[in-house]
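The values are calculated or read from the model by the stated rules, or taken from the named source; none is laboratory data. Since we're looking at a predicted model, the values are computed, not measured. Here the Cβ positions follow ideal geometry from the backbone for every residue, glycine too, while neighbour counts run over all protein chains shown. For accessibility, only protein heavy atoms count, side chains too; no ligands or nucleic acids. Shrake-Rupley method; radii C 1.70, N 1.55, O 1.52, S 1.80 Å.
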Amino acid sequence: MTDNEVVLRLEDVVKTFPGVRALDGVQLEVRAGEVHCLLGQNGAGKSTLIKVLSGVHRPDEGRIEWLGGEFKPANPQAAMKAGIATIYQELDLVDDLSVAENAFLGHEPRRFGFVRRGYMSRHTRQILTRLGHGEIPPGRMVRSLPAAGKQVVSMARALSHDAKLIIMDEPSAVLAHDEVDNLFRIIRDLTSNGIAVIYISHRLEEIREIGDRVTVLKDGRTTAANLPARTTPTRDLVSRMTGRTIEYVFPEQSTQDRGEELLRVDGLGRAGEFADISLSVHSGEIVGIAGLVGSGRSELLETIFGARRAESGTVTVRGKTLRPGSVGAAVRAGLGMAPEERKSQALLLGEPIYRNVTLATFTGYARGGFTNAGKEIAEANRIADLLELRPRDVRRPVRTLSGGNQQKVVVGRWLLGDTKLLLLDEPTRGVDVGARAELYQVIRDLAARGVGVLLVSSEVPEVLGLADRVLVMREGRMVREAPAGELDEDTVLDLVMAGSLQAEEVTL
Amino acid sequence: MTHRLLARPELGSLVGAIAIFVFFLVIADPFRQTSAMATVLYVSSTIGIMAVPVALLMIGGEFDLSAGVNVTASSLFAAMLSYQLSLNVWVGVLVSLVFALGIGFLNGFLVMTTKIPSFLVTLGTFLMLQGANIAITKQVSGQVATDNISDMDGFSSARRVFASSFEVGGVSIRVTVLWWLLFVVIGTWILLRTRFGNWIFAVGGNVDSARAVGVPVRQTKIALFMGVGLCAWFMGMHRLFAFNTVQSGEGVGNEFIYIIAAVIGGCLLTGGYGSAIGAAFGALIFGMTNQGIVYAGWEADWFKFFLGIMLLFATVLNMWVRRLAVRR
């Protein structure tokens with residue numbers, strides 16, 4: 001496999017966006033007929049790299065060589081014409097066109113202005129048969145296909161272009177287990193025909209099974225290239241992904257004892273999201289949940305908060321069981337939540353800061369149907385002082401604040417009422433490093449005042465540095481619970497990526 | 001096969017059209033005469049010719065609120081140009097085609113360039129045209145209607161094309177009915193048999209995907225707006241040569257009738273789904289109700305009320321048909 005000719009070579013590729021160096025010197029070498037896996041944490045630059053290869057972004061520096069020549073696609077079509085096809089994570093099909101029409105969209109075969117439907121349909125059937133899905137009728141509307149079928153169509157589209165390199169961005173994320181087997185069969189068939197595949201997945205076991213070589217990205221750089229996919233120990237792979245260059249500054253761990261139990265979750269579950277989750281949070285305690293996107297952690301928080309209805313299990317706050325699926329009940333019991341998508345779910349961007357702060361406790365400021373703006377502003381000012389909001393003027397629209405300060409507004413909202421327990425989902429996403437430290441301090445201060453905090457983050461160091469106790473989630477299940485001091489980043493990453501170390505070593 | 005038949009967007013409107021046809025057949029005696037049918041077909045054709053490009057545009061994910069007044073604008077343009085410069089009317093006809101296509105291009109260009117929703121852009125051009133229609137007509141001819149052009153060169157030949165009638169078995173049928181059929185056939189052929197048709201579904205259904213695979217999104221949408229301009233010109237010519245003169249305030253409100261016909265015919269407001277045949281059934285439903293109420297001897301004022309009921313009913317029915325299609 002590794003003797004095949006090199007089809008794609010990236011040298012020192014750099015791509016910057018305003019304020020971010022998304023790619024900071026990427027090296028990559030892909031050979032014909034191999035499955036080359038890209039590994040890296042969220043934000044390591046995988047998505048940007050895909051977009052550079054598929055012609056969506058142009059690199060600022062560096063060199064890309066494709067089939068022996070320089071590769072500078074002007075747009076996605078050019079990349080596709082050159083033989084690089086991408087299957088994106090989100091299925092990118094047109095629901096109300098047929099399978100064949102989707103496969104050939106944008107390069108329909110024509111004769112005298114007519115689409116050659118017969119040819120298109122025959123050719124699509126050939127491709128589908130080659131993909132092991134000859135049973136999908138080319139004339140069927142894509143809307144009526146299940147997710148796995150849609151992915152086959154995405155793949156048929158890539159093959160209709162005579163692609164020599166197919167980039168697959170987490171193709172298994174939307175598939176059930178047996179469908180993954182079929183995906184692998186297709187990939188093997190492609191590579192045996194000399195087509196190269198760049199395979200991106202968070203699941204180590206998949207990389208072991210299908211991959212030939214692995215390149216690891218971290219903070220936009222290649223930290224390891226061309227490792228053998230089957231034999232490189234997990235520990236080596238994981239350590240290449242970790243060890244941040246960004247310094248996290250965490251406030252001193254508090255020494256105070258944890259207080260009474262605030263929250264108890266027992267056997268909570270929702271089909272297809274998470275199952276049998278039990279946990280507790282005490283007053284003054286910060287509990288962190290580590291897990292990858294899709295591990296069910298955000299869904300868990302939303303279910304505790306009542307935004308999703310629990311299918312099994314109970315949520316108890318200070319001895320009182322909450323009515324499932326009722327945000328009102330959760331808020332009355334003293335729960336507050338800062339959701340992951342703060343822009344869409346939590347903030348009214350055009351409204352002034354004080355309005356956003358008082359939103360949850362609005363009724364307290366209304367008299368005879370009118371809100372008392374003076375009192376609102378005074379209260380908001382108090383919160384702004386507490387959180388060191390910058391700029392301090394609470395009349396400014398939230399839109400004008402930085403990400404970190406916007407997040408403070410979301411947190412601050414819950415400090416107005418008598419919130420006993422805060423649920424924070426990715427509180428530092430999109431927040432710059434300096435503001436992060438402040439936010440960490442705010443969260444610590446809250447805990448010191450007796451508030452319990454349940455925190456979700458994809459950034460493992462953040463969970464370890466901030467939380468007193470850490471829970472690790474993988475594929476909807478709690479796989480480990482330990483005091484933060486007993487875990488390190490490598491161990492947690494081992495846990496959140498598929499397969500425990502022990503199981504791995506048995507098979508090696 | 002049955003499922004593919006059920007999945008067709010026009011199924012709901014076909015069922016609706018049959019139901020309404022039977023309904024008026026039963027309750028209104030005059031409705032049963034062939035001459036009444038001819039009238040229904042004529043009324044339907046005046047909506048239907050416009051409903052085809054409006055449906056295509058909606059499948060492409062856009063609206064054109066200026067469609068109704070663009071009909072009037074192009075007929076005013078042709079009438080005044082020919083009359084004031086004493087030209088052969090065919091000159092006015094052809095120059096006004098360029099004008100109507102230009103309005104369509106402008107709509108599409110503004111939508112694609114400014115990224116403002118087409119609802120707002122075409123609301124703007126709608127208001128502008130509505131005002132200009134009346135103001136310029138008053139300025140040029142000193143009244144709110146254009147001068148009669150029936151004695152001018154080329155009038156009779158133009159009338160034969162745009163506004164004549166022919167006899168079938170003793171019943172006089174307006175030529176627009178044939179044109180309507182032709183437009184529906186062309187619209188359906190474009191949608192289902194050409195790659196431009198695929199692009200229409202793609203830009204309306206998943207514009208990012210369309211762009212990623214190389215569909216020229218901008219050109220596709222501008223072409224769709226120009227298609228509306230083309231048919232607006234055609235209807236404008238029909239009105240001009242049917243009545244010899246044009247009222248400058250006409251056409252306001254018709255844009256919604258076209259959209260209603262398209263929606264009854266199965267087009268989604270969100271784009272990506274619909275059919276030209278469905279829009280034809282929608283127009284037919286409009287025409288049957290319009291005339292049926294008169295034949296049934298009811299107060300004609302109730303027409304809009306029934307139209308509203310049918311719109312709601314058709315939308316629910318279409319939603320159900322669509323769900324059936326997904327479930328297969």
Once phi is turned into θ = phi - 60°, what whole-Hz ³J(HN,Hα) does the Karplus curve with 6.51, -1.76 and 1.60 give for every residue of segment B:75-82, x standing for Gly and Pro?
6, 4, 4, 5, 5, 6, 4, 5
To test your reading of the geometry: what angle, between 0 and 90 degrees and rounded to tens, separates the Cα axis of helix A:117-130 from the longest principal axis of chain A?
80
If you line up the long axis of helix A:147-160 against the longest principal axis of chain A, both from Cα atoms, how many degrees apart are they, to the nearest 10?
40
Rank these by accessible area, largest first, 1.4 Å probe: A:E311, A:E209, A:E459.
A:E311, A:E209, A:E459
Run through every distinct alpha carbon pair of the protein assembly as shown and return the Kirkwood hydrodynamic radius in angstroms, one decimal place.
31.2
Residue by residue through A:102-111, how many Cβ atoms from other chains fall within 10 Å of the Cβ on average?
5
Please give the FRET efficiency for B:R32 paired with B:L85, using the beta carbon to beta carbon distance and R0 = 45 Å, rounded to the nearest 0.05.
0.35
Can you pull the one-decimal nm distance between simple spin-label points at B:F119 and A:N75, each 7 Å off the Cα toward Cβ?
2.9
Note down the accessible area of A:S192, probe 1.4 Å, to the nearest 10 Å².
90
Once Lys and Arg are counted +1 and Asp and Glu -1 for all other residues with Cβ under 13 Å from that of B:F162, the total becomes +4
How much length would be gained if the chain were fully extended between B:E167 and B:V185, taking 0.36 nm per residue of separation minus their Cα-Cα distance, in nm to one decimal?
4.2 nm
For the ranges A:281-290, B:125-134, A:95-104, A:460-469, what's the packing order if you count other beta-carbon atoms within 10 Å of each residue, average per peptide, and put the highest first?
A:95-104, A:281-290, A:460-469, B:125-134
Take segment B:7-327, compute every pairwise Cα distance, and split them into 10 Å bins from 0; I just need the percent in each bin.
6, 26, 33, 24, 9, 1, 0
Can you give me the long-range amide H partners of A:D60? Hydrogens built in the peptide plane at 1.01 Å from N, cutoff under 5 Å, separation of 5 or more residues or another chain.
A:V14, A:K15, A:T16
Long-range amide H partners of A:R318 with built H, under 5 Å
A:L263, A:R264
Net length gained if the chain between A:F250 and A:S326 were fully extended (0.36 nm per residue, minus Cα distance):
23.9 nm
Cα-based Rg/(2.2 N^0.38 Å) for segment A:6-241, rounded to two decimals, is 1.02
Expected field for A:T231, accessible surface area in Å² at 1.4 Å probe radius, rounded to 10, holds 100
A correct Karplus calculation of ³J(HN,Hα) over segment B:58-72, with 6.51 cos²θ - 1.76 cosθ + 1.60, θ = phi - 60°, whole Hz and x for Gly and Pro, returns 5, 4, x, x, 10, 10, 9, 7, 8, 4, x, 6, 5, 4, 5
Can you compute the FRET efficiency between A:A173 and A:A378 using 1/(1 + (r/R0)^6), with r the Cβ-Cβ distance and R0 = 56 Å? Round to the nearest 0.05.
0.70
Semi-axes a, b, c in Å (a largest) for segment B:197-277, each sqrt of 5 times a Cα gyration tensor eigenvalue, come to 31, 15, 10
Ordering A:E376, A:E273 by how much accessible area each has at a 1.4 Å probe, largest first, what is the list?
A:E273, A:E376
Exercise: per-residue mean of other protein chain Cβ atoms within 10 Å, B:189-197:
4
Put A:F114, B:F234 in order of accessible area, largest first, probe 1.4 Å, and you get A:F114, B:F234
When chain B is modelled as a GNM with alpha-carbon springs shorter than 10 Å, which of B:W233, B:W199, B:W90 fluctuates the most?
B:W90
Need the full-extension length gain, B:N148 to B:V98, defined as separation in residues times 0.36 nm minus the C-alpha distance. One decimal, nm.
15.7 nm
Heads up, segment A:403-486 by the C-alpha gyration tensor (a ≥ b ≥ c square roots of eigenvalues; a/c under 1.5 rounded, else a/b over b/c prolate, else oblate) looks prolate
So, taking all protein chains as they sit and a 1.4 Å probe, how much accessible area belongs to B:M37, in Å² rounded to tens?
50
Against the longest principal axis of chain A, how steep is helix A:403-416, in degrees 0 to 90 to the nearest 10, with axes from Cα atoms?
40
Per residue of segment B:100-117, what does 6.51 cos²θ - 1.76 cosθ + 1.60 with θ = phi - 60° give for ³J(HN,Hα)? Whole Hz please, x for Gly and Pro, Karplus curve as stated.
5, 5, x, 4, x, 4, 4, 4, x, 4, 5, 4, 6, 7, 8, 6, 6, x
Taking placed amide H atoms and a strict 5 Å upper bound, the residues 5 or more places from A:I167 or on another chain that come that close are A:A85, A:T86, A:I87, A:I198
The protein assembly as shown: calculated mean residue ellipticity at 222 nm from DSSP helix runs of at least 4, using -39500 (n - 2.57)
-15500 deg cm²/dmol
Summed over the other residues with a beta carbon less than 15 angstrom from that of B:L76, with K and R at +1 and D and E at -1, the charge totals 0
